[in-house]
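Trainee: So that we are looking at the same thing, I have put the structure below in structure tokens.
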Amino acid sequence: MKNLNLGSGKDYKQGFINLDYNKQYRADVYHDINKIPYPFKKEEFDYVYCSHILEHVDDLFKTLDELLRITKVNGKIHIKVPHFSNGNGYNDLSHKRFFGWFTFKQIQEGYYNKKFNFKIEKQRFNFLSENHPILNKLCSWKFNILPKQFYERFLCWIFPVGEIEIELIKL
């Protein structure tokens, strides 16, 4: 099984090809993810992990196309992105977008006039309050069982979620 850690930064993962653009971090491959194509063959990876990367890219659709190109059929793309209610994210000027619960569903269904060849396998909210691991687990559990429209419409500004974690399967 061949794994890619896209935008590894400080999170160098053993058993993965770690890609980052910043040469201050340890990586196996140095490449700017806004420069497409990536230096990998078509359908090279079984599993692609990208944590807090997609909010930084110039063109989300081109990046998703490229992730699907390098992922094998039935391979997984594991994504973590900031939820739009994540206040800390607004302090990072390199963020170009935020995500909501239905963002990837809309992408999957061709809402943006382009159909992508993936299905959503799993999706969850993750609360990331610093120094509160028990509260994070409790809130993550509670708000993952509520209807997502209700949470995003009425509760997200009172109880902001840190991130959305999602697993896509390439079809």
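Please treat every number below as a calculation from the coordinates, not as lab data. If you're wondering where the values come from, they're calculated on a predicted model, not measured in any experiment. Using ideal geometry, Cβ is built from the backbone for each residue, glycine included, and neighbour counts are taken over all protein chains shown.
Trainee: Could you please state, rounded to a whole Å, how far the C-alpha centre of segment 15-34 is from the C-alpha centre of segment 113-138?
Mentor: When both Cα centres are located, 24 Å separates them.
Trainee: Could you run the Karplus curve 6.51 cos²θ - 1.76 cosθ + 1.60 with θ = phi - 60° over segment 24-29 and give me ³J(HN,Hα) per residue in whole Hz, x for Gly and Pro?
Mentor: 6, 9, 6, 8, 8, 9
Trainee: If I take all pairs of Cα atoms in segment 3-170, what percentage of them are more than 29 Å from each other? Please list the in-between numbers first.
Mentor: Numbers: 2780 of 14028 pairs.
Everything past 29 Å amounts to 20 percent.
Trainee: Let me ask you something else. Contour minus end-to-end for residue 34 and residue 1, with contour as 0.36 nm per residue of separation and end-to-end as the Cα-Cα distance?
Mentor: Values: separation 33, 0.36 × 33 = 11.88 nm, distance 2.57 nm.
Residue separation times 0.36 nm, minus the Cα-Cα distance, leaves 9.3 nm.
Trainee: Between residue 85 and residues 5 or more places away or on another chain, which pairs have amide H atoms under 5 Å apart, with H built 1.01 Å from N, and which residues are they?
Mentor: Excluding prolines and chain starts, which carry no amide H, the hits are 161.
Trainee: Using only alpha carbon pairs under 8 Å that are at least six residues apart, calculate the relative contact order of segment 28-138 and give it in whole percent. Provide the component values of the computation, followed by the final result.
Mentor: Values: 117 pairs, mean separation 23.2, N = 111.
Dividing the mean separation by the residue count of segment 28-138 yields 21 percent.
Trainee: If the limit is 20 Å between Cα atoms, which of 35/96; 35/62; 35/115; 72/96 go over it? Don't jump to the answer; show the numbers that get you there.
Mentor: On the way: 35/96 16 Å; 35/62 10 Å; 35/115 22 Å; 72/96 28 Å.
35/115; 72/96, as the Cα separations exceed 20 Å there.
Trainee: A follow-up question, please. If Lys and Arg each add +1 and Asp and Glu each add -1, what is the summed charge of the other residues whose beta carbon sits under 14 Å from the beta carbon of residue 5? Walk me through the numbers on the way to the answer.
Mentor: Numbers: positive: 2, 10, 13, 26, 76, 80; negative: 11, 20, 28, 44, 46.
Charge balance near residue 5 sits at +1.
Trainee: Right, next: Taking the chain as a Gaussian network, Cα atoms linked when under 10 Å apart, which of 86, 144, 113 shows the biggest mean-square fluctuation?
Mentor: 113
Trainee: Taking the chain as a Gaussian network, where each spring joins two C-alpha atoms under 10 Å apart, which residue of 64, 54, 135 fluctuates the most?
Mentor: The residue with the greatest mean-square fluctuation here is 135.
Trainee: Follow-up. May I ask for the angle, rounded to the nearest 10°, between helix 133-145 and the longest principal axis of the chain, with both axes built from Cα atoms and the value confined to 0 to 90°?
Mentor: 90 degrees
Trainee: Counting only residues 5 or more places away or on other chains, whose amide H sits under 5 Å from the amide H of residue 75 once H atoms are built in the peptide plane?
Mentor: The list, which skips near neighbours in sequence, is 170.
Trainee: May I ask you to evaluate 6.51 cos²θ - 1.76 cosθ + 1.60, the Karplus curve with θ = phi - 60°, for each residue of segment 34-44 and list the ³J(HN,Hα) values in order in whole Hz, giving x for glycine and proline?
Mentor: Along segment 34-44, the couplings run 7, 9, 10, x, 6, x, 9, 6, 4, 6, 7 Hz.
Trainee: Pull up the cross-link candidates among the lysines for residue 142, meaning alpha carbon to alpha carbon under 20 Å and not fewer than 8 places away within one chain.
Mentor: Straight-line reach from residue 142, under 20 Å: 80, 122.
Trainee: While we're looking at this one, here's another question. Counting only DSSP beta bridges with both residues in the chain, what percent are antiparallel, rounded to the nearest 5?
Mentor: Details: 15 of 30 bridges.
If we restrict to bridges inside the chain, about 50 percent are antiparallel.
Trainee: What value, in deg cm²/dmol to 500, does the helix sum -39500 (n - 2.57) over DSSP H runs of n ≥ 4 give at 222 nm once divided by the residues of the chain? Don't jump to the answer; show the numbers that get you there.
Mentor: Numbers: 3 runs with 30 residues, N = 171.
Mean residue ellipticity, 222 nm, calculated: -5000 deg cm²/dmol.
Trainee: Oh, and also: Fewest first, what order do 169, 134, 77 take by the number of other Cβ atoms within 10 Å?
Mentor: On the way: 169 16, 134 7, 77 23.
Placing the least packed residue first, the sequence is 134, 169, 77.
Trainee: Could I ask something else about it? Work out how much length residue 113 to residue 141 would gain on full extension: take 0.36 nm times their residue separation and subtract the Cα-Cα distance, in nm to one decimal. If you can, show how the numbers build up before the last one.
Mentor: Numbers: separation 28, 0.36 × 28 = 10.08 nm, distance 3.39 nm.
Answer, rounded to one decimal: 6.7 nm.
Trainee: On a full-extension model of 0.36 nm per residue, what is the gain between residue 41 and residue 90, subtracting their alpha-carbon distance, rounded to one decimal in nm?
Mentor: Details: separation 49, 0.36 × 49 = 17.64 nm, distance 3.52 nm.
14.1 nm is the gain from fully extending residue 41 to residue 90.
Trainee: With the crude spin-label approximation of a point 7 Å out along Cα→Cβ, what separation in nm comes out for residue 155 versus residue 73?
Mentor: Using points 7 Å along Cα→Cβ, the separation is 4.1 nm.
Trainee: Hey, what angle do you get for helix 60-70 against the long axis of the chain, alpha-carbon based, 0 to 90 degrees rounded to 10?
Mentor: The helix 60-70 is inclined about 50 degrees to the chain.
Trainee: May I pose another question? Among 82, 133, 39, whose mean-square fluctuation peaks in a Gaussian network model of the chain (Cα, cutoff 10 Å)?
Mentor: 133
Trainee: Once amide H atoms are built 1.01 Å from N in the peptide plane, which residues 5 or more positions from residue 97, or in another chain, come under 5 Å H to H?
Mentor: Excluding prolines and chain starts, which carry no amide H, there are no hits.
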